[in-house]
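Shown next, in structure tokens, is the structure this report addresses.
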């Protein structure tokens, strides 16, 4: 659409002008990787903007430190400008490239898909399956599969997740190619190690170590801690699913598992982390300083947090009430929310994780190249 192209050009130009001012000023060089990567770029191409926008963790320290931030006539607002460019990179590299990209990357679309998945599973089951199958009490090994057969649960979840991972993989590959060739001579192994540490520690989400500026110019580590709780909670839930898969397919032990079994313990710890992380991040977003925030993107952020919170809470409800008549409806709700999350992975805010990981790896490779070119110490 011509109007959409014009808006994209304006977003890119605003970000380019702001970063050129930053490159001349360099007051914020110590805050994060964005400014260190910016130093080696005198002219900013579209690929540079995509790379830098995904390297940005949106800590907002630069906004409060900047003498050219609003209301200065230069109107430098790096967090907001890079957020808009970053959102555009998700759409530009989406695979497959389908019409309606603007709509598919909104929070309303993500929540509509999630609620639709819950309805598509729940309504037919309640209408067509025997009441004693959906609303009856089931206990012991294989209880879940007496509500819905294993083949249906595994088939729906597996196909949805497989398609989404394929789509995300192609999207990230397209983004990686758009950043240009890998710096020649860069050591891939050390760069991968550095990138993994940056991802795991979230060290760029901290304003150079003192914390983020969420509500005002005061520093805080709250957003980093909540993000860690969510990320590691999600990883523990994934580990719980992996262990349960081994139990079922290798050892022949069918779910549901005892409360003190490894899958339940991992899932409970992970779910608690996800609930704490999503609730904390949502609170911070609702009370954030509006200056450096791209308000039009807030819906997608909150939709992802809502999806993850619903996955965790419905999982806990299913665990607590799995031996009651509520187990069947709760299983349908939990599975529907999970499927909705899987289905929106290629177009939701979750894309920021693999795109940022790719940008961090590219930055680690650039650092390796810079170190190689440095003259030896006398």
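Filter region 1-55 down to the residues that are assigned to a loop (DSSP other than H, G, I, E, B) and buried (at least 18 other Cβ atoms within 10 Å of the Cβ) and list them by number.
Our first condition is that a residue be assigned to a loop (DSSP other than H, G, I, E, B); within region 1-55, this holds for 1, 26-32, 39-45.
Scanning region 1-55 gives 28, 31, 32, 44.
Checked against the criterion of being assigned to a helix (DSSP H, G or I) and at pLDDT below 95, region 249-266 has at least one qualifying residue. Criterion applied to 191, 141, 186, 195 was being more than 24 Å from residue 105 (Cβ to Cβ), part of a loop (DSSP other than H, G, I, E, B), in contact (Cβ under 8 Å) with a residue 24 or more places away in the chain and in contact with a helix residue (DSSP H, G or I) (Cβ under 6 Å, 6 or more places away or on another chain), and the one residue passing it is 186.
For region 337-359, which residues satisfy the criterion of being under 17 Å from residue 163 (Cβ atoms) and in a helix (DSSP H, G or I)? Explain how you work it out, then say what you get.
As a first pass, look at region 337-359 and keep what is under 17 Å from residue 163 (Cβ atoms): 338-348, 350-351, 354.
Across region 337-359, the qualifying residues are 338, 339, 340, 341, 342, 343, 350, 351, 354.
Criterion applied to 367, 371 was being out of contact with any helix residue (DSSP H, G or I) (no Cβ under 6 Å at 6 or more places or on another chain), free of Cβ contacts under 8 Å to residues at least 60 places away in the same chain and in a helix (DSSP H, G or I), and the one residue passing it is 371. Under 9 Å between Cβ atoms, at least 6 apart or on separate chains: pull out the pairs that start in region 310-336 with a residue that is without any contact (Cβ under 8 Å) to a residue 12 or more places away in the chain and end on any residue that is not in a helix (DSSP H, G or I). Filtered contacts from region 310-336: 326/135.
The rows are residues; the columns are (1) surrounded by 12 or more Cβ atoms within 10 Å (Cβ to Cβ); (2) under 30 Å from residue 359 (Cβ atoms).
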site	(1), (2)
116	yes, no
122	yes, no
127	no, no
130	no, no
135	yes, no
152	yes, no
167	yes, yes
186	yes, yes
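For region 127-138, which positions are touching a residue at least 60 places away in the same chain (Cβ under 8 Å) and either outside any helix (DSSP H, G or I) or farther than 18 Å from residue 322 by Cβ (or both)? It would help to see each step written out before you state the result.
In the first step, residues of region 127-138 are kept if they are touching a residue at least 60 places away in the same chain (Cβ under 8 Å); the result is 133-138.
Of everything in region 127-138, those that are touching a residue at least 60 places away in the same chain (Cβ under 8 Å) and either outside any helix (DSSP H, G or I) or farther than 18 Å from residue 322 by Cβ (or both) turn out to be 135, 136, 137, 138.
Among the residues of region 286-303, the one identified as in contact with a helix residue (DSSP H, G or I) (Cβ under 6 Å, 6 or more places away or on another chain), part of a helix (DSSP H, G or I) and closer than 20 Å to residue 70 by Cβ is 297. Could you check how many residues of region 203-248 are part of a loop (DSSP other than H, G, I, E, B) and over 16 Å from the mean Cα position of the chain (by Cα)? Residues in region 203-248 being part of a loop (DSSP other than H, G, I, E, B) and over 16 Å from the mean Cα position of the chain (by Cα): 12 in total.
Going by what's in this entry, would residue 284 be described as in contact with a strand residue (DSSP E or B) (Cβ under 9 Å, 6 or more places away or on another chain), under 28 Å from residue 164 (Cβ atoms) and surrounded by fewer than 18 Cβ atoms within 10 Å (Cβ to Cβ)? Spelling it out, residue 284 is indeed in contact with a strand residue (DSSP E or B) (Cβ under 9 Å, 6 or more places away or on another chain), under 28 Å from residue 164 (Cβ atoms) and surrounded by fewer than 18 Cβ atoms within 10 Å (Cβ to Cβ).
Tally time: how many residues in region 215-235 are touching a strand residue (DSSP E or B) at 6+ places or on another chain (Cβ under 8 Å) and surrounded by 21 or more Cβ atoms within 10 Å (Cβ to Cβ)? Steps first, please.
Of region 215-235, the ones touching a strand residue (DSSP E or B) at 6+ places or on another chain (Cβ under 8 Å) are 219-224.
Filter once more, keeping what is surrounded by 21 or more Cβ atoms within 10 Å (Cβ to Cβ): 223.
Here the count works out to 1.
Quick check, is residue 276 surrounded by fewer than 19 Cβ atoms within 10 Å (Cβ to Cβ), touching a helix residue (DSSP H, G or I) at 6+ places or on another chain (Cβ under 9 Å), free of Cβ contacts under 8 Å to residues at least 40 places away in the same chain and assigned to a helix (DSSP H, G or I)?
Criteria not met by residue 276.
The values are calculated or read from the model by the stated rules, or taken from the named source; none is laboratory data. Keep in mind that what you see is a predicted model, and the values were worked out from it rather than measured. Glycine gets a Cβ as well: all are built from the backbone with ideal geometry, and neighbour counts include every protein chain shown.
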